[in-house]
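Remarks on the structure that follows.
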Amino acid sequence: MKILFASAEVAPFSKAGGLADVVGSLPKELEKDAQIVIFTPLHGCIDIEKYGIKQVPNYEKWLSFGNQPQKFTLYTTKLPGTNIDVYFIKNDWYFSCFKEVYPKYLDPRYEHERYISFSLAVMEYAKSMNFKPDIIHANDWHTAMIPMYLHSNYKFDEFFSKTKCVFEIHNLAYQGIWFEGVLDFANMRKDIVYNQWGCEHYNRVNWMKGAILYSDRVVTVSPTYSREILGSEYGENMDYTLRGITYKLRGILNGIDYTVFNPKTDKALVKNYDLSNFEQGKEENKKAVCEYFGLKYDPKRPLISLISRLVGQKGIDLIRDMQYELQNLEADFVFIGSGEKDYENLMIWLSNNTSNIRTYVGYDAKLANLVYAGSDFFLMPSKFEPCGLSQLIAMRYGTLPIVRATGGLEDTVVGYPLDNSTGFKFWAYNGWDMLNALKCALWVYTDKFVFNAMRKSAMEADFSWKRSAKEYMNMYKEICS
């Protein structure tokens, strides 16, 4: 079986969120059962020398969009630790000129042009390489044009006649919505795709809607999220469309790469550890975190961390609502993240004016892993969460998550006081419920027997890709048979 993955970001080359981790990890588990290639843009932030990325000779290509030609070149390297080819599509006008995966303050029309051009280039390069995929696995709205191209421009192309398409929703909130004229730029057949059974949605082009309707399977990154999005609360105005395709909707839980997130071998830690010595190991890393952030180390005082994009989805509003209560808790807090400016300013203000809260605005992978290892608890009060990887990483490092029970957080965290509990849950989206969950965690912290038993359960929980990869492979075989 031949599988082509298309994604706006792929770890470790480029990363802005969990999408990169999924596309950088899942193919590793599928490699033994399929021939896989990955396509992604060559963003300006990608270190070509570090990853040994080389230009593919004789693969310069000119493609027209509207009446405007664009030049593309192809680069390649192997996904680390595998024999999987990763192909980087270079275009100086749309991707190589930026140092971020998703640059801020771009003109929305230009943002659509970027991923239209990438998606069409993926199709054309697959043909040029004679890689005839059985499955194209597209991810989020950035590659939602691919199933639409398959349904329209390539509908009668013999090369793709047997190709099936899987579309994965990592976050339904971002759908790719713009005006009808963008279809002219894409050179896509309006008479085929722009209608209520295609990408037309409230008199706008909605790329995600088109991908949902034209794909053979639609996947969400957790079973609970696949059910939540069928209702109006989490459906983002797409629930009516999704209720019509439940026969092809699947919820498959994400995993994490245990070779990357491993406290026994992680070089970012000051002391490595496993189940046999996690108490000592975590305390040494806790000391390092406290020293880095200027907090006084106290083994009797818990350390609570949050590592997140600072956006409304992640429940930062609840922290703002409870900021004065958090200052009076017998605990220290470390926040790492970047995002919306008002949330960044909130975090900076708390760090400057509160003795027990410290903030790092930005993202540093090594620092993040050290904080995962050195924290006692990990706060994740999301308003909604398709799956979430941070709570899985925290549990891998023996740090107990405190989460709002939604989406993948509901699927992955066993809440105290259930048997083999791995964290703490609250249900209503309000600050007082979050505060009560925090107080419950602080109470458990005083009982070292229960606390360490929960940490052991968290570290023993299996969220590697092996189980999920089997579900993906079964789905691929189902639609190809």
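The values are calculated or read from the model by the stated rules, or taken from the named source; none is laboratory data. All values reported here derive from a predicted model rather than from experimental measurement. For neighbour counting, all protein chains shown are included, and Cβ atoms are generated from backbone atoms with ideal geometry for every residue, glycine included.
Would you say Leu379 is part of a strand (DSSP E or B) and either within 19 Å of Asp332 (Cα to Cα) or free of Cβ contacts under 8 Å to residues at least 40 places away in the same chain (or both)? Please lay out each step first, then the result.
Details: part of a strand (DSSP E or B): yes; either within 19 Å of Asp332 (Cα to Cα) or free of Cβ contacts under 8 Å to residues at least 40 places away in the same chain (or both): yes.
Considered against the rule, which asks whether it is part of a strand (DSSP E or B) and either within 19 Å of Asp332 (Cα to Cα) or free of Cβ contacts under 8 Å to residues at least 40 places away in the same chain (or both), Leu379 comes out as yes.
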message: Anything in the range 39-51 that is in contact (Cβ under 8 Å) with a residue 24 or more places away in the chain, over 18 Å from Cys97 (Cα atoms) and surrounded by fewer than 22 Cβ atoms within 10 Å (Cβ to Cβ)? List them, or say none.
response: Tyr51
statement: Every listed condition ((1) surrounded by fewer than 19 Cβ atoms within 10 Å (Cβ to Cβ); (2) outside the structural domain of Pro80 (by TED's automatic domain parsing); (3) charged (D, E, K, R)) holds for Asp266 save (1)
- prompt: Looking at (1) touching a helix residue (DSSP H, G or I) at 6+ places or on another chain (Cβ under 7 Å); (2) modelled with pLDDT of 95 or more; (3) surrounded by fewer than 22 Cβ atoms within 10 Å (Cβ to Cβ), can you tell me which one Lys190 breaks?
  reply: (2)
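Kindly provide the set of residues from the range 97-123 that are assigned to a helix (DSSP H, G or I) and surrounded by fewer than 16 Cβ atoms within 10 Å (Cβ to Cβ), ordered by number. So that I can check it myself, show each step before the final result.
Step one: filter the range 97-123 for residues assigned to a helix (DSSP H, G or I), giving 108-123.
Those that are assigned to a helix (DSSP H, G or I) and surrounded by fewer than 16 Cβ atoms within 10 Å (Cβ to Cβ): Pro108, Arg109, Tyr110.
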message: Filter the range 185-199 down to the residues that are among the charged types (D, E, K, R) and without any contact (Cβ under 8 Å) to a residue 12 or more places away in the chain and list them by number.
response: Lys190, Asp191
statement: Scanning the range 342-376 for residues that are within 23 Å of the chain's Cα centre (by Cα), of a type in the set (Ser, Thr, Tyr) and part of a helix (DSSP H, G or I) gives Tyr343, Tyr372
query: Only one residue in Ser215, Ser222 is touching a residue at least 40 places away in the same chain (Cβ under 8 Å) and farther than 24 Å from Lys314 by Cα, so which one is that?
result: Ser215
- prompt: Which residues, counting only those in the range 82-133, are without any contact (Cβ under 8 Å) to a residue 40 or more places away in the chain, under 15 Å from Leu150 (Cα atoms) and not hydrophobic (A, V, I, L, M, F, W, C)?
  reply: Lys127
message: Just the residues that are of a type in the set (Ser, Thr, Tyr), surrounded by fewer than 24 Cβ atoms within 10 Å (Cβ to Cβ) and farther than 25 Å from Ser161 by Cα, please, taken from the range 193-234.
response: Tyr202, Ser222, Thr224, Ser226, Ser232, Tyr234
field: Selected residue (criterion: surrounded by the fewest Cβ atoms within 10 Å (Cβ to Cβ)) from residues of the range 409-435 that are over 24 Å from Arg320 (Cβ atoms) and in contact with a Gly (Cβ under 9 Å, 6 or more places away or on another chain)
entry: Val414
task: Restricting attention to helices (runs of 4 or more DSSP H) lying wholly within the range 388-469, give those where 1 or more residues are closer than 24 Å to Ile229 by Cα and at pLDDT 95 or above.
output: 390-396, 407-412, 431-445
field: Enumeration of residues in the range 52-67 that are more than 19 Å from Cys97 (Cα to Cα) and part of a loop (DSSP other than H, G, I, E, B)
entry: Gly52, Val56, Pro57, Asn58, Tyr59, Gly66, Asn67
- prompt: Is it the case that some residue within the range 289-307 is charged (D, E, K, R), farther than 25 Å from Lys267 by Cα and within 27 Å of the chain's Cα centre (by Cα)?
  reply: no
